[in-house]
1. Tell me whether segment 97-106 contains one or more residues that are away from the ligand (no atom under 12 Å from the Cβ), in contact (Cβ under 8 Å) with a residue 24 or more places away in the chain and closer than 26 Å to residue 220 by Cα.
2. Just need a number here: residues in segment 206-229 that are within 13 Å of the ligand (Cβ to nearest atom) and not in a loop (DSSP other than H, G, I, E, B).
3. Going through 149, 139 one at a time, which residue ends up being touching a residue at least 24 places away in the same chain (Cβ under 8 Å), surrounded by fewer than 16 Cβ atoms within 10 Å (Cβ to Cβ) and away from the ligand (no atom under 16 Å from the Cβ)?
4. For segment 274-294, enumerate the residues that are at positive phi and at pLDDT below 95.
5. Can you tell me which of 110, 119 is buried (at least 16 other Cβ atoms within 10 Å of the Cβ) and over 26 Å from residue 21 (Cβ atoms)?
6. Test residue 171 against the stated conditions and say whether it is part of a loop (DSSP other than H, G, I, E, B) and either away from the ligand (no atom under 16 Å from the Cβ) or out of contact with any strand residue (DSSP E or B) (no Cβ under 7 Å at 6 or more places or on another chain) (or both).
7. Residues in segment 308-320: is at least one in contact (Cβ under 8 Å) with a residue 60 or more places away in the chain and over 18 Å from the mean Cα position of the chain (by Cα)?
8. Which pairs do you get when a residue that is closer than 23 Å to residue 291 by Cβ, found in segment 159-172, comes within reach of a residue that is surrounded by 13 or more Cβ atoms within 10 Å (Cβ to Cβ) and among the polar types (S, T, N, Q), reach meaning Cβ atoms under 9 angstrom, with the pair 6+ apart or on two chains?
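The values are calculated or read from the model by the stated rules, or taken from the named source; none is laboratory data. Being a predicted model, the structure only gives us computed values, none of them experimental. All Cβ positions, even for glycine, are placed from backbone atoms using ideal geometry, and neighbour counts span all protein chains on display.
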Amino acid sequence: VERIQTPRARVDDEPEARLRPQALDEFVGQDALKAQLEMAIRAASGRGEPLDHVLLAGPPGLGKTSLARIIARELDVRITETAGPALEDKKDIASFLTSLEPGQIFFVDEIHRLPRAVEETFYPAMEDGQLPVTLGVGPGAKVVTLDLPAFTLIGATTRAGLLTAPLRDRFGIQHRLDLYNADELAAIVVRSAGVLKVPVHMDGARAIAERSRGTPRVANRLLKRVRDYAQVEGDGSVDAATAYAALDMLEVDHEGLDRLDREILHAICVRFSGGPVGLSTLAVAVHEEQDTIEDVYEPYLLQRGFIQRTPRGRVATPHAFAHLGIEPPASGQS
Ligand code: ADP
């Protein structure tokens, strides 16, 4: 079964690129953040200064990369993109930072995965536009300080909690993106259907929206699969009945849970008698990486009240048992 969730956008596959909103007013939802950015962009442009550094946190597929690109476009500056794990040592950073154009955006995805030593090189770069570099090796080595062009760092992370305080404090604008509601997702589906030229009925858009686990990337992906189904099994247009039939085939249930979601719930409810169970044990039980469970699956399961996080581990709620159609263990669980 095809995954409807992926831990992170790896390559920008062409269709996803086409569906990306290109301007702030095409970006659906996240109104507080948009207002804040709009203000900051106008003020910075008015002063002729680069925008303050921006930190965007939240689960994958909520629009962090799209926003970074929109900010660059609104500021009419270049954007250079990389990701935390790709910056292995200080030399990688130095080559990125020294080739920036004045005022441009430097986007670092998964910034919580920057190695510590590399992270520290960012501090003076963010604060004073300075980059200390070591020339030579051994006793003859010396440190010189390079002046960098002023730039804006946009960091994206699925785990703001893993950033060190000194790094976090250097972002003047910080925002956590939340899961989208069904109205917003329906608007995204309608917009994407327009781009893809798929005729979509409002009830069809809503059916997809309600099963997209609060995530625009999932909504777009489901729309594409539903479009295939509508084309092969129907007249090509997407209404609620077509959407439900296609989503059933994808094993996406009426709560938007896919097979791995249900495996996670099943493991907690049955194998671990409702929990608490630690993340690492759970990961082994469902053959999935801890990070993927925590970043991709849990936010939605938590939001919908299927599980709770306790100091001793994950616990299934009565809602989870009801969803799987199994009896909770008799009271007096230890
Ligand atoms: P992230 O960087 O947070 O993982 P992306 O910016 O790559 O997420 O967004 C994934 C896809 O979801 C984009 O290609 C875009 O089509 C869609 N998307 C995300 N947020 C929005 C939004 N607010 N409005 C419209 N489409 C969105």
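1. No, because not a single residue in segment 97-106 is away from the ligand (no atom under 12 Å from the Cβ), in contact (Cβ under 8 Å) with a residue 24 or more places away in the chain and closer than 26 Å to residue 220 by Cα.
2. 10
3. 149
4. 275
5. So the residue among 110, 119 that is buried (at least 16 other Cβ atoms within 10 Å of the Cβ) and over 26 Å from residue 21 (Cβ atoms) is 119.
6. yes
7. no
8. Going by the 9 Å Cβ cut-off, the qualifying pairs are 160/174; 163/157; 168/174.
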